[in-house]
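Accompanying notes for the structure given below.
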Amino acid sequence: MSKEEDTMQAYRSFITSDPNVLFGKPAIKGTRIAVEHILDELAGGTTVEQLLEEYPRLTREAIYAALAFAADTLRAEVVYPLDQVAS
């Protein structure tokens, strides 16, 4: 298994989905921090260091796991073009 594949599989030890927590949204195990929230924060310019300061229970590895989870999910999904052709 390559290092990339190993990293991609490692997210499974950090991410959980429980219907009783955050309506089943993927979240960091042992927290109520949704993967979606981490992605939104990073996309908005928040740094990893800022996330770690703001959420003491969050780890650098968990943040990378959220990114790996998102990449793996997108890889498995059908992605539609963002540019829509006018009809």
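All of the numbers you see were taken from the coordinates with simple rules; none came from a lab. No experiment lies behind these values; they were computed from the predicted model shown. Quick reminder, even Gly has a Cβ in these numbers, built from the backbone with ideal geometry, and neighbours come from all protein chains shown.
Quick one: which residues, 5 or more positions from residue 15 or on another chain, have an amide H under 5 Å from its amide H? H modelled 1.01 Å from N in the peptide plane, none for Pro or chain starts.
Under 5 Å from the amide H of residue 15: 29.
Return a whole-number percent for the relative contact order of the stretch 3-76, with Cα pairs under 8 Å and 6 or more residues apart as the contact set. Please list the in-between numbers first.
Working: 71 pairs, mean separation 25.6, N = 74.
Here the relative contact order equals 35 percent.
Would you please name the trypsin sites (Lys or Arg not before Pro) within the stretch 27-64 that are DSSP coil residues with at most 16 other C-beta atoms within 10 Å of their C-beta? It would help to have the intermediate numbers written out before the result.
Working: sites: 29, 32, 57, 60; in loops: 29, 32, 57.
Filter output for the stretch 27-64: 29, 32, 57.
Can you give the convex hull volume per residue for the Cα atoms of the stretch 3-76, as a whole number of Å³?
That works out to 92 Å³ per residue.
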